[in-house]
Structures are given as C-alpha cells and as structure tokens.
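Structure first, commentary second.
Please treat every number below as a calculation from the coordinates, not as lab data. Here the structure is a predicted model, which means the values were calculated and not measured. Note that we place each Cβ from the backbone using ideal geometry, even for glycine, and neighbour counts take in every protein chain shown.
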C-alpha cells in the first residue's frame, strides 16, 4: 500500500512502473463483460454503444454487490426505455484493493478504451489517485462509495460523488451529544484518508455545542490485536467515557471484540458509530455484533421503505443467487442502492447529451513520453458534467439530485444495537433536530425525543459520560489551616470525636461546582495541619508542593494563581477578582482651603470667560445703543449698564430689555454658554468639596517608597516577596494576622509603631474595607507613577469648553457684521455725498451711530412725555433734534415728519388729534 502523503508525481511514477502488470490482471475480467454487453447491443442496429469504465474491488462484497447492481440498473433502464438511442458498454476493471492498481485500471480505460466516464473507484484512498486522471483527461469520475470529505478539497470539477459526504452526519452526532449533556468525547478513527477526512468538521460541530475533544485515537487499518489492546488500555485510563468511532466494519469488528474483552462495553460507557459501520452492519459477523456491540448508538443513512425498493431487493436476490450459487443469503446495503442509482443517472445523462462527438483529442508527445503524456482528452466531458448536474429523479434511495458534485442529504436514522441488528430509536433532520418518528414534532432541535435506549451493560440509565477516578479512589483535597480571614476558609475541629468541619466562601464555591458536574466526584477534605492543631507549613507554597509531589490530589482554598506556582501545578479558572491593592487611611480634613472656589476652573478658562463677558457687553451696547434708552445717557451710565447686563447673565438676573433681533440672537447663544459653564462649575465645586474630606494619605507606590512609611502584609502571603522586589526593606515591613490587627496598625500610623499602608490581594482588602469603609480607601498597586489617583484634581480646563465659546463668539461677530452692513446701507448717502477725507467720513458715520434711530419701531411706538408749549399751553411730546436725512430742514417739513412718527399710548399719531403743525426747537431734548 502506498502512503497517501507522498506527492502526486511520485505516486504516478510509482504506479506507472506497475501499470503493465496491473493492466494485464484487470484485463482478465474487463473485456469479457464489455464484449458480452456489446453483443447484446448488436441485436438492435439503431442503438449507439458508449464506452464507460467500472473500477471496483471485485474481491470484496461491496465490489461484487455494486457491479451486480450496476448491470441490473442498466438492464432495467433500457428495458423500460427501448426507444433510447444510446447503450452503455461496461468495461470492468478489478482494483484488487490497491491504490496503484485502481489508478492503473483508470489509466487503461481512459487511454485504450476511451471511456466517456468511470464508475468508481470503491474507496476514498483509491479515488484520491483516480481523480487526478479524470481532471487531466476530462473524464467524469462517478463514485458511489468514496465518502471522505478530504476528497472535496482536492477534487476537480470532474469528480462526482453519487453518495453522501461523511461530513453531512456531523451535526446529527453533535446533536445527540448535546441532548445527553456530554461535555467531552474521544474520537476513535482509522488512520487513513477515509478516517481523517471527517475529523475537522466533526470537531467543529462538537465545539459548537460545547463539547471538547480531549484526545484523538488513531488506529492503523493494519493494526494487530495487541496494538488495538494497547490503545484501548490508554482510553481506559482517561476520564472521558464517550467514544465516537469512525471506521469500516472490518476494523470495527476487531475493535469492539477487544473492547468487550477489556471491559469497555460495561455500564457507564458510551459508544457512537458513524454511518461507516452502521450502513454496512449487515456485512459484519453477526456473532460479534451480538456479543461485543450491545448498547452501541449509531448514525445511519435514511433510506425510505418503498414498494419499488422491496421489488428490486427481491429481484436482485434471485438474480445474484442464480449467478453466484456459492454465496448463501446475500444481503444488500446502501452502496448497492447508490450503485444502482449512479448507473441510471449516467445512462440518462449520456442519452440527454447525445452522441455527436464521442472522440478523444490525442495529445502530441515525444518518443520518450510516458503514458500520462499521451493520454487523450474527452471532447464531451464538460457537457456530460452539466447533464449530471441537471439530473433529478426518484431512485432506490429517494430523490436523487447532485448538489455541488455530490448527493444532498438532510436526514439520518438514530439506531441502537440490540441483539443481532440495529433498532431504530429516532431520526435527525436539519430542520427539526431529534425526532421519535418522522411524524412527530419537536420544539427544540436538542430536546431528547427518542425511543428508550439500552446502553452498554444492559443499562437503561443515561451514562454520565465521565468518571473522575477510573480506579474508584477518593480524591484527597488539602485545605489550609488559617489563623485569620476565616470568611474564606475555616476548619473547625472536634477533639472529642477526632473530626473536623470545613466551611467558608472558597468551600462553598467548590461544592457548588461539584454539584453542577454531570458526574459524581468522591473527595475528602484534609486540613493542612499537624495533630496538635498547628499548620503543617509556613506558607501556601508548602501546601502546593504536596500536590506537586503527588501526596495529595488537589488544594481547595484561597490559593492565589501566580506564575511560579503555575510551573508546578495546574490551576482552575479564577473565581475572584485578581490583583493586589493598597489600603491607606484618609487625610485629616480639618484644614480648609479658603480659595477652593477657584479650583473648579483653570486659570485660562477663568480668563477666557471674563474676556467673553466684556466682549458680549460691547456687542450688546453696539447693537442696542441707537434704539434702546437703557443703553444711552452719560458714558459712565452706558458702560455700567452694558457690563451689568453682561455679567448679570451669569445668574440670569438682568432686567434691561433688548429690542434688536440681532441682540436677542447673541444673548440666546450667550445664555447657552453661561448655563453650561455654571452647571459644570457647580458640579465640579461639589466634587472638590467632597474630595477634600476623602483625600488619601498615599496615592501611588512611588510616593509610598519615598515617604519612608512602614507597610503591612498578611502573614504567610506571597505579598512579602512582592514587597521585597519593590525595594522595601525588612525594617519597614510589618505583618498582620486579621482585619482587626490591620485596622489597629493603620490607626496608629507609621510614627507610632503602626503602618502607613497595607498590601494584600483584592479579596482580602475588600474584606477589610467592608468593615472599615469610613476610614480607608483602596488603591490598585498596578497604577504607574505619573498618573494621579482618580480622586485627584477635578479642575475644568478650556479644552472642555472652547466649542461653547466658539459658538458664542461666532454668533456675536456675525451679528456685528450684519449690523454694520445695515448701518452703512442706511447711511450710504453720507459716504457718497461727502467730499471730505476718509477720516471725516468715519467721524460723520460715528455721529450718526451716536444719535437715536427715530425710524426704529421702539421709538415709533414709545410714549413721550407731555410738555407745555408757548402757544397757549397745548401739550406735545418732546423729541430730540436729529440730523437724520429723513427729517426736512424746514419747520413745516420737521413737523410733518414728526407727526407721522409720534403717537400716543393707543398708537394714534398726534397729528390726527389736532396738535400744532410746528414744534418749538427750544423744547427739543438733545442726546
């Protein structure tokens, strides 16, 4: 047998050297069947013979059965379709269970017989060779029995698998595993391409349902009984009791015979077979099945029971026994059905393809070329593949349809071996999961909905799938004898009865885990102390050494997972928060900072805020000066009002009204900024006032090292070694035994013989902190120097608010630009009519800006004071003289314009009330 791992070129060279003898042997059988078939076809002169090859192991039952089913399939097909023009002519070759012989036979069929397709070869190892020949010659290779998934990765488009891929059953297997709650399973498979092909997909399917594969058992197809026994003894020493077996019946029958011999078919074991054995169970020795395989579960390809199948089985049995009288009671299996359907599919495809061009293109080669160099290329290979892909019909196995070059499948039977055969206990479908029968309904894909199972050892109880102690001994588990921190582990001794009781948080966790395990674990707690009650070791390392020396099986307690310990023993996953922390007291909070109210904001943020208050005051004055009396008057009054308005927005206490829409827009934006600033300032100041009372004495490791303070650690803990590595002298290290002693040392302080900080693991620190939370704070020691403790400065800087100031600044500048454009537009005649210099124009515009804008709606609707007039005591409103061009320079013109502007409280112009047409200019106010 040629190893499968050598390169293809080496394989070809090897079998070419043997091809001459292999072809001679295969010809002894091949031509006879081909001529016989041809002579039958000659009776009908209108039919066209089409050469096809058949490569099978004719010395095996599968090969003999397959060939008989192929010939019977063609006979049935053409007898029911006599009008078809084509007739397949079978050219049969015996591969003699050899990969080289199979390749040589295929080479002979392609080169010398120019076959249009080849049915076979029989095994996955043989198919690996022949697939390359089909790819080179464009001859489809149709196998009904090569099921290894590994062929899919190397196959060309000219390989057609008229059978199910082994990987199609992995989900059915994983569903059964999950339904019974088994968390581990060992894979037992034959060490060749057939066995290895399913392993990747099966492992992935198990992992998806939470089942691990702790071990893979490879058994050589040529293994001796002693080698099988040696592997079984290895499996017995493991804790897993669930085994998935993937191999052919020849090796499988030997495996189970030896498993029965060593006691692995007893109660508690689980054996699950793939369809590699269950589909061919009828070909196994019935005595081995009855004596060595009782209680085994299996996945079997589902074949619906139909009248056509029953009719074929009866006809085939009569025909086969007539042709082979020496074989008593022949039985069909899945591969016979597949061979029948494969031959029919090929006959239908060739009939659909037609016979327009059944030739081979001969390749030109040199005189010293090998057989591979002179092999021809079929002109119909691609067309035949397309016809096969489009083929759909009802065969012996149900609906036959090739998807991606292989037979599709979505249903399997679950069987249980009892007696001499396999008993059906349920089904698995891709859509519904496990089912008792095809008509039942399952709400969950993983719900156990099977007929009752008889397990190995004639047990009806579901095996747990695991045995923690294969030899039946009880685990010896050490627990520490603690003098303090009893909340984690406490050993209570009863001297009168010479017994003890172990309790505590760690013990509760351990016992809760044990209860959740799907198997029983027998154990005994053994305290780590001498008969006088003293601890047997000074540190936890002494207790761990006992496990390393195999004096005990495990340690349960508050044992820390650290690197140097992991070099000698294995740890479970951590069940508490990891890490080391520092416990320090709070500072004395009696001294207060009188300027703490300035700390919430940084100096640049204070400065920026003040500048913006001034800027907003200026913008509001500019926008309101012409139309709002609140912002007019003396310079001192205008400055005071503007700043008062701006700064009072800080507490929203401004009482001046603004009339310009641009001003309102600016003020709204500024209110938004002020609101955010005041709220942030309040929150930050509150935090600072609280932090002043909760400030720790130490904030990081560097500060503690430089301070010279003494530090404490729990007696017997690995923390002592850690502190030594951190450059703490022994003179600065003081140990404590309990939370109370730790509190006493911290309360004294380093100056009075106590400690300035305590180091311990986080669970212990939290325990102390829970009792004295108002006196201490916990600081992680992994924090690097240069980063302050999170309760350090909470000052707000400009980076957090520059976006707000940007919004307010843009709004104010935009309003100023709009105001300037409107102002210049109203006074454009001043600029165009003036003949003076640029400075004179600017001064003129400044005077215009300083005057009231009597066209503003605020003045048009304002109520003016009544004054006495010289012409008989009539009352009129006093108005301010203006140089605005909207008023005429003549008295009559002034009075007419003012009459249109001045109104009473009801908005009625005074002109309509019979007021004089002229106003004495001496009564007009100046700005």
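Between residue 79 and residue 462, the simple label model (points 7 Å from Cα in the Cβ direction) yields a spacing of 5.1 nm. Spin-label model, residue 751/residue 216: points 7 Å from Cα along the beta carbon direction are separated by 7.0 nm.
Taking 20 Å as the cut-off, the amide N atoms of segment 743-781 that come nearer than this to a point 7 Å along the Cα-to-beta-carbon line of residue 706 belong to 750-751, 756-758, 779-781.
If the chain linking residue 775 and residue 227 were pulled fully straight, counting 0.36 nm for each residue of separation and taking away their Cα-Cα distance, it would gain 190.3 nm.
With R₀ fixed at 45 Å, the C-beta to C-beta distance from residue 322 to residue 239 puts the FRET efficiency at about 0.20. Ranked by the mean number of other Cβ atoms within 10 Å per residue, highest first, peptides 561-568, 578-585, 218-225, 252-259 order as 252-259, 578-585, 218-225, 561-568.
The simple spin-label model puts a point 7 Å past each Cα toward its Cβ; for residue 314 and residue 828 those points are separated by 11.2 nm. Peptide packing for 119-131, 749-761 was compared via the average number of neighbouring C-beta atoms within 10 Å per residue; ordered from the highest value, the list is 119-131, 749-761.
Calculated FRET efficiency, residue 451 and residue 399, Cβ-Cβ r, R0 41 Å, to nearest 0.05? Plugging the Cβ-Cβ distance into 1/(1 + (r/R0)^6) gives 0.95. With 0.36 nm allotted per residue and the present C-alpha distance subtracted, the residue 152-residue 629 stretch has 162.4 nm of extension available. Quote the FRET efficiency, to the nearest 0.05, computed for residue 551 versus residue 687 with a Förster distance R0 of 45 Å and r equal to the Cβ-Cβ distance. The value I calculate is 0.20. Note on residue 511 and residue 614: the extension gain reaches 29.9 nm, defined as 0.36 nm multiplied by sequence separation minus the Cα-Cα distance. A simple packing score, the average count of other Cβ atoms within 10 Å per residue, orders the peptides 305-311, 95-101, 159-165, 356-362 as 159-165, 95-101, 356-362, 305-311, with the highest score first.
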